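The values are calculated or read from the model by the stated rules, or taken from the named source; none is laboratory data. Here the structure is a predicted model, which means the values were calculated and not measured. We place every Cβ from the backbone using ideal geometry, glycine too, and count neighbours over all the protein chains shown.
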Amino acid sequence: MLKEFREFALKGNAIDLAVGIIVGASFTAIVNSIVADIIMPPIGLVLGDVDFSNLFWVLKQGEASAHYPTLADAQAAGAVTINYGLFINSLISFLIITVVLFFLIRSVNRLKRKEEVAHAEPTTKVCPYCLSEVSIKATRCAFCTSELNVETG
């Protein structure tokens, strides 16, 4: 069993997966910072000086029953809250990551298609007499019945 695990762990796919997870975690941290520190402040300013990370509903008051100006104050008082502002930040982060991944995968797929087309062997040839497309293996044209040899087609 240990031998099988070692074979699995040292396969290229497992190592690629581990690298992908680490890069993904780093990318997520960057996107979260972009959302929280760059995108949301101007949106909050336009919407009337709103800080999305402090948008919440109080479900149950904490020890000090009062209005909580920030989420941190509400949590410190032990209030039970629904943090919809943090959810909005997470949703925007998700959308950004999804769009970036879409364009990344789209680019990779385009490169793969170009590579496949470049390496694809031709399957047809043109008859030099009637200009019809015939199988590359054909020795006679199916349309004009001319003999096709290496020199003519």
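Report, ordered by the first and then the second residue, all pairs with beta carbons closer than 7 Å, sequence separation of six or more or different chains, a first member in segment 14-26 that is more than 16 Å from Leu101 (Cβ to Cβ), and a second member that is surrounded by 10 or more Cβ atoms within 10 Å (Cβ to Cβ).
Filtered contacts from segment 14-26: Ala14/Phe8.
I need every pair where a residue in segment 109-136 that is assigned by TED's automatic domain parsing to the domain that holds Asn149 has its Cβ under 8 Å from the Cβ of a residue that is of a type in the set (Phe, Trp, Tyr), sequence separation at least 6 or different chains.
Cys127/Phe143; Cys130/Phe143; Ser132/Phe143; Val134/Phe143
Here is a list of conditions, (1) in a helix (DSSP H, G or I); (2) exposed (fewer than 14 other Cβ atoms within 10 Å of the Cβ); (3) touching a helix residue (DSSP H, G or I) at 6+ places or on another chain (Cβ under 8 Å), and Ile88 meets all of them except one; can you say which number that is?
(2)
Working only within segment 91-146, note down all residues that are small (Gly, Ala, Ser), surrounded by 10 or more Cβ atoms within 10 Å (Cβ to Cβ) and within 27 Å of the chain's Cα centre (by Cα).
Going residue by residue through segment 91-146, those that are small (Gly, Ala, Ser) are 93, 107, 118, 120, 132, 135, 138, 142, 146.
Now drop any that are not surrounded by 10 or more Cβ atoms within 10 Å (Cβ to Cβ), which leaves 93, 107, 132, 135, 138, 142, 146.
Of everything in segment 91-146, those that are small (Gly, Ala, Ser), surrounded by 10 or more Cβ atoms within 10 Å (Cβ to Cβ) and within 27 Å of the chain's Cα centre (by Cα) turn out to be Ser93, Ser107.
Among the residues of segment 32-39, are any in contact (Cβ under 8 Å) with a residue 24 or more places away in the chain, closer than 26 Å to Ala79 by Cα and part of a helix (DSSP H, G or I)? Spell out how you get there, then give the answer.
The initial filter retains those residues of segment 32-39 that are in contact (Cβ under 8 Å) with a residue 24 or more places away in the chain, namely 32, 34-36, 39.
This time we only want the ones that are closer than 26 Å to Ala79 by Cα, so: 32, 36.
With part of a helix (DSSP H, G or I) added as a condition, the list becomes 32, 36.
The answer is yes, given that some residue of segment 32-39 is in contact (Cβ under 8 Å) with a residue 24 or more places away in the chain, closer than 26 Å to Ala79 by Cα and part of a helix (DSSP H, G or I).
Of the residues Lys137, Lys125, Lys60, Lys112, which single one is at pLDDT below 85 and among the charged types (D, E, K, R)?
Values: Lys137 fails: at pLDDT below 85; Lys125 fails: at pLDDT below 85; Lys60 fails: at pLDDT below 85.
Result of the check over Lys137, Lys125, Lys60, Lys112: Lys112.
Of the residues Gly44, Gly62, only one is free of Cβ contacts under 8 Å to residues at least 40 places away in the same chain, surrounded by 13 or more Cβ atoms within 10 Å (Cβ to Cβ) and assigned by TED's automatic domain parsing to the domain that holds Ile97; which?
Numbers: Gly62 fails: assigned by TED's automatic domain parsing to the domain that holds Ile97.
Step by step, each of Gly44, Gly62 is checked, and only Gly44 is free of Cβ contacts under 8 Å to residues at least 40 places away in the same chain, surrounded by 13 or more Cβ atoms within 10 Å (Cβ to Cβ) and assigned by TED's automatic domain parsing to the domain that holds Ile97.
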